[in-house]
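The block underneath contains the structure these notes are about, expressed in structure tokens.
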Amino acid sequence: MYQSLYELRKRCIEAGKEFNPQRGLDVGYGPATGIVALNDLMGPEYRPALKDSVVVGSLEMQKRAKIILSRQYNEVVEPETQEDATAAAATAASAVERGTDDIEQADRLYGNIDTKKIRINTNLKKRVPGKPKQYDLIILQHQLLKDEHEFPLQGETNLQHYLQILAPGGHVVFVERGNPMGIEIIARARELVLRPEKHEDEPLVGKPPRLWSATSTESTPGSNDVYLKVVAPCAHHRTCPLQVGKPLYYEFKKFGNLNFCNNQKKIQRPKFSIELKRGKILGSTWSESPNEPGVATNPEAQGISGRRGATDYEILNYSYLILQRVKNSEDVEQSKHAAKGSTDESLNVAESISKDIDTGARVVDVPLKKKGHVVLTLCGSSGDIEKVTIPKSFNKEIY
């Protein structure tokens, strides 16, 4: 989650814009991990106007979320002054919109901790808010599809709800598992928003925003229009060259090993996880001497069932998609009309708007280092998978 948000902030900075969402929503099964990652990314001084976290499934996770969030500096509730108390009393909504939760008084204990007494800045909820609320940043972790037998209809229904509560200029971050099902969920959401089949004749001018509507993709432009564009990771708005359409196809042997678009993150296992997985505690040579510096003690001597050759880390596969809602629909309409023109001036207008936040080609496979050259597999702005060979003789620095 942190990696995806870091990518979003980097893209905003590259476009000359500030990344400082003031109204955030996190939805997931874990203990508000989206808000935890956002707090870590933004730093201890991050104090937005509203942070909502929907903890799906279990109120026990709300208690854990309160404990974890309370250890972050930007969740500490500042003492109220007399003026703040008067303003809060005058506006009932402002008093409710900070630090609320659904934990029952009779079931407020988590171990020896009274979670109802913990005060944080994030509101913990068990239901997803609806209209008229609007958020600058929406973080969705495994929320588009909850029943794989409902693919893809359920994902489309959930996508519509979240896009309707996304504020103009805001971003929505989808994170799914890095397996065939997760990849196809992300690809289907991207396809539904962009409708690339409707823009096959469009010239390659950046990534122009697409008109989306919950009822009809052909709605008349107006104040309620929602224009969306992909911020990351895609380098184009055309059909995904790796999208299959049905996750079941990946299981058929006759299709061979189908490639799919995912990302990897190496994570350090905590001590308890290493012990449960029978791995060694540190990635260093074993020694029977506990006092020898720089050398790990034999876990067996500590009563831990470790084994030689095990690792203390694991590779996490995930897939993500970041969309942005464009603020001004009039500028988008101007861009569309300009793109249809034939003059260089009109194309420059379209290009300046469509390249507001853009990305270059993306490496989608492990680079192959051959003798004297490197082969890269890229997803380029053309919408196709491209093979690029970089010989050492071309340029030593680039190689």
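Taking a quarter of the surface of the Cα convex hull of region 146-202 gives a mean projected area of 5.0 nm². Along region 194-199 the Karplus relation, 6.51 cos²θ - 1.76 cosθ + 1.60 evaluated at θ = phi - 60°, assigns HN-Hα couplings of 8, 6, x, 5, 8, 10 Hz to successive residues, with x for each Gly and Pro. In this structure TYR6 has an accessible area near 100 Å², from a 1.4 Å probe over the protein heavy atoms. Only protein heavy atoms count here; under a 1.4 Å probe, THR389 has an accessible surface of about 80 Å².
Heavy-atom accessible surface of ILE138, to the nearest 10 Å², is about 0 Å², with a 1.4 Å probe and all protein chains retained. Once both labels are positioned 7 Å from their Cα atoms along Cα-to-Cβ, the gap between LYS146 and LEU316 label points is 2.3 nm. Between the C-alpha center of region 124-170 and that of region 6-32 there is a gap of 16 Å.
The values are calculated or read from the model by the stated rules, or taken from the named source; none is laboratory data. This one's a predicted model, so the numbers in the text were calculated from it and none came from an experiment. Heads up, the Cβs are rebuilt from the backbone with ideal geometry, glycines too, and the neighbour counts pull from every protein chain shown. Note: accessible area is taken over every heavy atom of the protein model, side chains too, but ligands, DNA and RNA are not part of it. Shrake-Rupley method; radii C 1.70, N 1.55, O 1.52, S 1.80 Å.
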